[in-house]
Amino acid sequence: NQITTDMSSLTREVKKFAEDKKLEIETLKVREAYRKEFMGNVSHELKTPLFTVQGYILTLLDGAHKDKAIRKKYLTRASKGVERLIYIVKDLDMITKLETGDLHLRYENFDIIDLIQASFDLLEMKAAKKNITLTFDIDYEEPIYVRADKERIQQVLTNLIVNSIKYGKNGGTTEISIENLIKNKVIVRVTDNGEGIEKANIPRLFERFYRVDKSGSRKEGGSGLGLSIVKHILEAHGEKIYVESVFGVGSEFSFTLEKSKEAPDQRVIPEIT
Ligand code: ADP
């Protein structure tokens, strides 16, 4: 009897071991597929600007450098290509840090209205090129203090505003509004009256490298990582991102932030004696 009991418990152990191993192998397989897909996407993204830059350099070496005007034109284009490569590499670096948990958030208390204003100031020129007006719809005179990683939230705002400009129509508007929510939260909305997104594409927007219009948005110069970075940053904060869009009418991306009860941390300026 004892032997039968021992045997059945041993069988159970062996079965469990085999199941665990199977699960481990499945996880490794999924990871490997994910890695392959990621590498494939990365090289695909880098190829286009690299070939462009190489094209200009080869043409210059082939004799085009003799003409001063052409030399300047081709060098400027090559430099734009390099700039684009830098953007892509920076985005890749950020996504890797976010996905491996290597990005540590530096929480501080700050006024979100100030940060929105600063983001508008940064992007004013870009918006002006498409005659897009950046507006702030806010009833509050008072500052709204939130607690988050200021630099990362600025990146969230920048990515969303840049998209609203890229996919906005000439002469359009990007509006930001803030609303108080219950439970100590605020919701920040970035609304545009641009091209909008078809319903079927909405669930995939936050995937890495996903673009609705492959050729169109590449022309706009993105890496296809912007929204994925936004989602990761907000999730790392324990916050959420929402999207509502009507094709041909416009889109609204909104996210939550935690309000802070305290005023911003004072930066101590050392006294010079
Ligand atoms: P990209 O670098 O291509 O802009 P994102 O991750 O920032 O990458 O966005 C993914 C895709 O979502 C874009 O290619 C575009 O098709 C769509 N998209 C993002 N924001 C908007 C918007 N405000 N209006 C319309 N489409 C948008």
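Looking at the structure I just gave you, is Glu179 without any contact (Cβ under 8 Å) to a residue 12 or more places away in the chain and away from the ligand (no atom under 11 Å from the Cβ)? Spell out how you get there, then give the answer.
Working: without any contact (Cβ under 8 Å) to a residue 12 or more places away in the chain: yes; away from the ligand (no atom under 11 Å from the Cβ): yes.
Taking the combined requirement at face value, the residue satisfies it.
Listed here are the residues, each with its yes/no results for (1) surrounded by 19 or more Cβ atoms within 10 Å (Cβ to Cβ); (2) part of a strand (DSSP E or B); (3) within 11 Å of the ligand (Cβ to nearest atom).
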residue	(1), (2), (3)
Leu160	yes, no, yes
Asn170	no, no, no
Lys183	no, no, no
Val188	yes, yes, no
Tyr210	no, no, yes
Val230	yes, no, yes
Phe253	yes, yes, yes
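Quick test of your reading of the structure: Ser177 fulfils all but one of (1) assigned to a loop (DSSP other than H, G, I, E, B); (2) of a type in the set (Gly, Ala, Ser); (3) more than 17 Å from the chain's Cα centre (by Cα). Name the failing condition by number.
(1)
So is Gly81 under 21 Å from the mean Cα position of the chain (by Cα), surrounded by 12 or more Cβ atoms within 10 Å (Cβ to Cβ) and part of a helix (DSSP H, G or I) or not?
Taking the combined requirement at face value, the residue satisfies it.
Under 7 Å between Cβ atoms, which residue pairs at least 6 apart in sequence (or on different chains) link something in segment 238-249 that is in a strand (DSSP E or B) with a partner that is away from the ligand (no atom under 11 Å from the Cβ)?
Correct list of pairs: Ile241/Leu234; Ile241/Phe255; Tyr242/Ser254.
Could you check, for segment 137-150, whether at least one of its residues is within 11 Å of the ligand (Cβ to nearest atom) and under 24 Å from Phe247 (Cα atoms)?
no
Across segment 111-154, which residue is modelled with the highest pLDDT among those that are of a type in the set (D, E, K, R) and in contact with a Ser or Thr (Cβ under 6 Å, 6 or more places away or on another chain)?
Going through the qualifying residues, I end up with Arg147.
Specify which of the listed residues (Phe17, Phe38) is of a type in the set (Phe, Trp, Tyr), free of Cβ contacts under 8 Å to residues at least 24 places away in the same chain and part of a helix (DSSP H, G or I).
Working: Phe38 fails: free of Cβ contacts under 8 Å to residues at least 24 places away in the same chain.
Just one listed residue meets the conditions, Phe17.
Give the residues of segment 46-79 that are closer than 21 Å to Leu92 by Cα and of a type in the set (D, E, K, R), sorted by residue number.
If the condition is that a residue be closer than 21 Å to Leu92 by Cα and of a type in the set (D, E, K, R), then Lys47 is the only one that fits.
Would it be correct to say that Ile88 is assigned to a helix (DSSP H, G or I), in contact (Cβ under 8 Å) with a residue 40 or more places away in the chain and open to solvent by less than 80 Å² (accessible area, probe 1.4 Å)?
yes
The values are calculated or read from the model by the stated rules, or taken from the named source; none is laboratory data. On a predicted model such as this, the values are computed, not experimentally measured, just so you know. Cβ atoms come from the backbone with ideal geometry, glycine included; neighbour counts cover every protein chain shown. Note: areas computed on protein heavy atoms with side chains; ligands, DNA, RNA excluded. Shrake-Rupley method; radii C 1.70, N 1.55, O 1.52, S 1.80 Å.
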